[in-house]
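Just passing along the structure, written as structure tokens.
Quick note: the coordinates plus some simple rules give every number you see, no bench work behind them. Small disclaimer: the values here were computed from a predicted structure and weren't measured. A quick note on method: Cβ atoms are made from the backbone with ideal geometry, for glycine too, and the neighbour counts reach across all protein chains shown.
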Amino acid sequence: MSKALEQAAQGLGHTRPNPPVGCVIVKNGSIIAEGFHAFAGAPHAEASALSKLPIEEYADSTLYVTLEPCSTFGRTPPCTEAILRAKVARVVIAALDPNPKHAGKAISILGSSGISVTTGILEKEATAQLAPFFKWITTKRPFVTLKMAQSLDGAIADHAGQSKWITGEEARKDVRTLRAKADAVLVGCNTACEDNPSLLRDGEDGSAQPGYRIILDSRGRVSSSAKCFTDGLAKLTIYATSKHCPEEHRKQIEATGATVWVLPTEFSFANQHPTLSLDALFAKAGEQGFLHILCEGGAELASSLLNRGLVDELIMYIAPKILGATQKHTFGTYPFDLPTAPRFSISNISKIGADVKLTLKPNDLI
Ligand SMILES: NC(=O)c1ccc[n+]([C@@H]2O[C@H](COP(=O)([O-])OP(=O)(O)OC[C@H]3O[C@@H](n4cnc5c(N)ncnc54)[C@H](OP(=O)(O)O)[C@@H]3O)[C@@H](O)[C@H]2O)c1
């Protein structure tokens, strides 16, 4: 099953709105076929693994799959049929389908046809890998990972506003691999204006790969000449704005090939003006099949997400540096009261180059 999880990992960031699933088929103690779901419309992991050899080779094999096989017609035929046709003897499943309409259905179809079915193998690992899909299928909202990089004393810039770079090259490279696993990267308009980031992902060979970028700019402050609109990949840029953005600016952005979402605003007590409704943003992103969004800040957007309880996973890169007096704190926009402050449990700590990477889960999800 760990090999099946490795297969599934190859689809991360590419399968929306479908789940990243992996499959490995074993016969006489050897792996005879592997497969993963590469993108929506491509064969499912089981169908992909079952297409690698002549069908008779699969008789009496064991099929390991990270998510319960589908049993209904979607873009592709049901995987339960392909498994029955191949005369597989045993099916081992890590996680069950969270969709109540399908949960357990494949198990009864396969079981009633004489196939031995085992469930729950490496379920925790599969559930972690499938968490964005599970959230989306049950709430129609994307899973939100918030990533921030800061000094030891919680600063994202020094007293003069310098923010490049707080963490080292290895940590920044690690961020580009986080991007590769998400469907889209999200930033606030100050980050887009001040840093003019390209927000590209790293491919397996280290090359820059295209991925969706979402920029929040309710009043039309980000220039249409920013990198995200002019790097030849504008069709992968989503510009989320509001009726407060001048129409001419909206048209200029549209002319670059970017998609414009006009969203409702809500009054922000922190900065005393209307900002985009994050609820409307994630509803729209969910509607478009985005399973997993990686928010890369800045501080104001990160604080808004925390304030509204919208963070499903927090990743902090902490540089062993002290920046002292500064106006720029990682989550400095809202004051939180100690008894009710957002709390997290640490699920992983690692050293990346000279920096520390903390992966945290909000306490209410544990
Ligand atoms: N260390 C790190 O990890 C990290 C990461 C990213 C950025 N940064 C640094 O952070 C600085 C920028 O951060 P920042 O805090 O000034 O701004 P920001 O979070 O990048 O952008 C905030 C702006 O986004 C717009 N926005 C729209 N809807 C929003 C919503 N619902 N909630 C919050 N903002 C919303 C607002 O402007 P409108 O109301 O005009 O739309 C708001 O003023 C830069 O210096 C950058 O280098 C550091």
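Just report the Cα centroid separation between region 132-187 and region 309-333, whole Å.
11
Under the √(5λ) rule applied to the eigenvalues of the Cα gyration tensor, what semi-axes describe the equivalent ellipsoid of the chain? Give them in Å, descending.
On the way: eigenvalues 333, 101, 73 Å².
Over the Cα atoms of the chain, the semi-axes work out to 41, 22, 19 Å.
Which one of Leu200, Cys79, Thr118 is farthest out on the positive end of the charge dipole of the chain, using unit charges on Cβ (Lys, Arg +1; Asp, Glu -1) and the Cα centre as origin?
Cys79
As an exercise, use a Förster radius of 25 Å and the Cβ-Cβ distance of Thr340 and His273 to find the FRET efficiency, rounded to the nearest 0.05.
In this case the efficiency is close to 0.50.
Same structure, new question: Restricting the count to DSSP beta bridges whose residues both fall in the chain, what percent are antiparallel, rounded to a multiple of 5? Working shown, then result.
Numbers: 30 of 67 bridges.
Percent antiparallel among DSSP bridges in the chain is about 45.
Just to check I understand the Karplus step: with θ = phi - 60° and J = 6.51 cos²θ - 1.76 cosθ + 1.60, what whole-Hz values come out for region 5-21, glycine and proline as x?
5, 5, 4, 4, 4, 5, x, 3, x, 10, 9, 3, x, 8, x, x, 10
Let me know the charge dipole size of the chain about its Cα centre in debye, to the nearest 20, where only the beta-carbon of Lys, Arg (+1) and Asp, Glu (-1) is charged.
Dipole magnitude for the chain comes out near 300 debye.
Taking square-rooted eigenvalues a ≥ b ≥ c of the alpha carbon gyration tensor, is region 2-132 rounded, prolate or oblate, where a/c under 1.5 means rounded and, failing that, a/b exceeding b/c means prolate?
Because its axes are fairly even, with a/c under 1.5, region 2-132 counts as rounded.
Another question, if that's okay. Rounded, prolate or oblate: which one fits region 237-305, using the alpha carbon gyration tensor with axes a ≥ b ≥ c (rounded when a/c is under 1.5, else prolate when a/b beats b/c, else oblate)? Before the final figure, lay out the partial values.
On the way: a/c = 1.75, a/b = 1.15, b/c = 1.52.
It comes out oblate by the Cα gyration axes.
Work out from phi, with θ = phi - 60° and the Karplus expression 6.51 cos²θ - 1.76 cosθ + 1.60, the ³J(HN,Hα) of each residue of region 34-45, listed in order in whole Hz, and give x for Gly and Pro.
9, x, 8, 7, 8, 6, 4, x, 7, x, 5, 4
Hey, which of these cross-link pairs are over 30 Å Cα-Cα: Lys52/Lys105; Lys321/Lys361; Lys164/Lys284; Lys124/Lys321?
Result: Lys164/Lys284; Lys124/Lys321 exceed 30 Å.
Moving to a separate point now. Could you please state, rounded to a whole Å, how far the C-alpha centre of region 53-86 is from the C-alpha centre of region 285-301?
Each part reduced to its Cα centre gives a spacing of 34 Å.
Another question about this same structure. What is the set of long-range amide H partners of Thr119 at a cut-off below 5 Å, with H atoms built 1.01 Å from backbone N?
Under 5 Å from the amide H of Thr119 lie the amide H atoms of Ile93, each far enough along the sequence or on another chain.
What is the sum of charges, Lys and Arg at +1 and Asp and Glu at -1, for the other residues whose Cβ falls under 11 Å from the Cβ of Pro17? Intermediate results must be reported in sequence, preceding the final value.
On the way: positive: Arg16, Arg75, Lys140; negative: Asp183, Glu287.
Its environment carries a net charge of +1.
Within a 10 angstrom radius of the beta carbon, how do Arg213, Arg16, Arg85 rank from fewest other beta carbons to most?
Listed from fewest to most nearby Cβ atoms, that is Arg85, Arg16, Arg213.
Using only helices, what value at 222 nm comes out for the chain when you add -39,500 (n - 2.57) per DSSP H run of length 4 or more and divide by the total residues, to the nearest 500 deg cm²/dmol? Working shown, then result.
Working: 12 runs with 96 residues, N = 366.
Here the helix-only value at 222 nm equals -7000 deg cm²/dmol.
What list of ³J(HN,Hα) values in whole Hz, one per residue of region 87-101 in order, does the Karplus curve 6.51 cos²θ - 1.76 cosθ + 1.60 (θ = phi - 60°) give from phi, with Gly and Pro shown as x?
Residue by residue, region 87-101 yields 6, 5, 8, 9, 10, 10, 10, 7, 10, 7, 5, x, 6, x, 5 Hz.
Could I ask something else about it? Most exposed first by the Cβ proxy, i.e. fewest other Cβ within 10 Å, how do Ile352, Ile322, Ile93 rank?
Starting with the residue having the fewest Cβ neighbours, the order is Ile322, Ile352, Ile93.
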